[in-house]
Amino acid sequence: MTRDAADEQHDAVTCTGLTYTFGETKAVAGLDLSVGEGEVFGLLGPNGAGKTTAIRCITTLLPVPAGMVHVFGHDTAGDRMAVRRLLGYVPQQLSADAGLTGRENVALFARVFDVPRRERAARVEQALTAVDLTEAAGRLASTYSGGMVRRLELAQALVSAPRLLILDEPTIGLDPIARTGVWEHINAVRAATGMTVLVTTHYMDEADQYCDRVGLMHGGRIRALGTPIQLREGLGERRRAEGGPADAPLPTLEDVFREVAGSGLDDQSGGFRDVRSTRRTANRVG
Ligand SMILES: Nc1ncnc2c1ncn2[C@@H]1O[C@H](COP(=O)(O)OP(=O)(O)O)[C@@H](O)[C@H]1O
Ligand SMILES: [Mg+2]
C-alpha cells in the first residue's frame, strides 16, 4: 500500500486543469489549485463561478471528465474510496435529517463513514461537544435554529475525524453571530487536530478574517490567489502606481475581486451580494 508515502509528500488538494461541463455551460474551466496540509483555504466567487462543481469533483461526488484531482496524493479517479476516507464534507444543501435528534444525526454519519463500532459512541459525543451541541443533542433537529443546524452538519462531517474538511458556503443565510460561531468551532477543531479546511464563501469579510489563503474564482477559473493581505496590498500598490493617492485606505478583498473579475461580475446573477440561493436553513428543517 502506498497510502502513507502518498499522504506525506503531497498537498491536501491538487487540481490540475480541472474542467467540468453541464451541456453548454462550462462550470469549471481549467482550474489549477493547490491546498497545503493544515491550511484554511477559501474558494471565493459569485454565484455561478463554479465553486460547488469544483468542490463536488474534489469530494468524488462528480467524476472528473478532464484534468486531474488529487487528495493527499490519491487520484480521485482511481482511488475514490481512499479519498472519501480522508475527507468530511458539509454540502451547500441541507444534510441533516429534521426527524432525527442531533445525536441520532451524528450517529448516522458515524455508521455511514465506518467509524469503528467500539469508538462510535465516544466519537459522536466528541463531535457534538466540538460544536457545542451537547445540551441540545437529544432534541429533534427540527427544533434547531439555522446556526445550530449548521453546527450539527459540522459535527456530522467531523465525526469521521477527517484530515480534510470541505465546507460549501457554511455560513450562508446565517446572522452575524451564528456565522462567527460556526467559524470559531471550525477553528477550534483545526487548532486541535491540524486538519486542512477548504471552504467556499461569497462573504469576502469572512474570508479575509479566517482564511490563510484565498483563490478568487470567476468563470470556472482562479483569477487571483494569495493571502488576503497579499492580494489587498497588491491592489493598493497597483492603484498607487497608476497615480492613486498615497494615503488611500487599504483596499478590501471585495475591491480585489471587483478588479480581477471586472465588469463581468455584474453580468452574473447578482454577484456575491446575491442572496437568492440563501439556504434558509431554519425554514427548511422545520
Ligand atoms: N446540475 C447542473 N446542471 C446544469 N448546470 C449546472 C448544474 N450545476 C451547476 N450548473 C451551472 O454551472 C455553473 C457553476 O455552478 P456552481 O458550480 O454551482 O457555481 P457556484 O457554486 O460558484 O455558485 C453555473 O452556471 C450553473 O448554472
Ligand atoms: Mg455553490
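Scanning the range 35-70 for residues that are in a loop (DSSP other than H, G, I, E, B), free of Cβ contacts under 8 Å to residues at least 60 places away in the same chain and among the aliphatic types (A, V, I, L, M) returns Leu61, Leu62, Val64.
Taken as a whole, the structure leaves Ser263 outside the set of residues that are modelled with pLDDT under 50 and not acidic (Asp, Glu). When residues in the range 205-234 are screened for being surrounded by 21 or more Cβ atoms within 10 Å (Cβ to Cβ), part of a helix (DSSP H, G or I) and among the aliphatic types (A, V, I, L, M), 2 of them pass.
Taking Leu165 as the residue in question, decide whether it is in contact (Cβ under 8 Å) with a residue 24 or more places away in the chain and within 16 Å of ligand 2 (Cβ to nearest atom). Let's see the steps before the verdict.
On the way: in contact (Cβ under 8 Å) with a residue 24 or more places away in the chain: yes; within 16 Å of ligand 2 (Cβ to nearest atom): no.
The answer is no for Leu165.
Of all residues in the range 5-61, those that are within 16 Å of ligand 2 (Cβ to nearest atom) and of a type in the set (Ser, Thr, Tyr) total 5.
So, of the residues in the range 238-249 that are modelled with pLDDT of 90 or more and surrounded by 11 or more Cβ atoms within 10 Å (Cβ to Cβ), which turns out to be nearest to Val214 (Cα to Cα)? Filtering first and then ranking leaves Arg238. When restricted to residues that are of a type in the set (A, V, I, L, M), touching a Phe, Trp or Tyr at 6+ places or on another chain (Cβ under 8 Å) and near ligand 1 (Cβ under 9 Å from one of its atoms), the range 5-54 contains 3.
When Gly78 is tested against (1) within 13 Å of ligand 1 (Cβ to nearest atom); (2) without any contact (Cβ under 8 Å) to a residue 60 or more places away in the chain, exactly one condition is not met: (1).
For the range 89-102, the condition holds for at least one residue, the condition being that it is within 27 Å of Thr129 (Cβ to Cβ) and part of a helix (DSSP H, G or I).
Conditions tested, residue by residue: (1) away from ligand 2 (no atom under 16 Å from the Cβ); (2) at pLDDT 90 or above; (3) farther than 25 Å from Ala49 by Cβ.
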| position | (1), (2), (3) |
| --- | --- |
| Leu154 | yes, yes, no |
| Ala178 | yes, no, no |
| Val182 | yes, no, no |
| Leu198 | no, yes, no |
| Asp212 | yes, yes, no |
| His218 | no, yes, no |
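The values are calculated or read from the model by the stated rules, or taken from the named source; none is laboratory data. On a predicted model such as this, the values are computed, not experimentally measured, just so you know. No Cβ is skipped: glycine too gets one built from the backbone with ideal geometry, and neighbour counts run over all protein chains shown.
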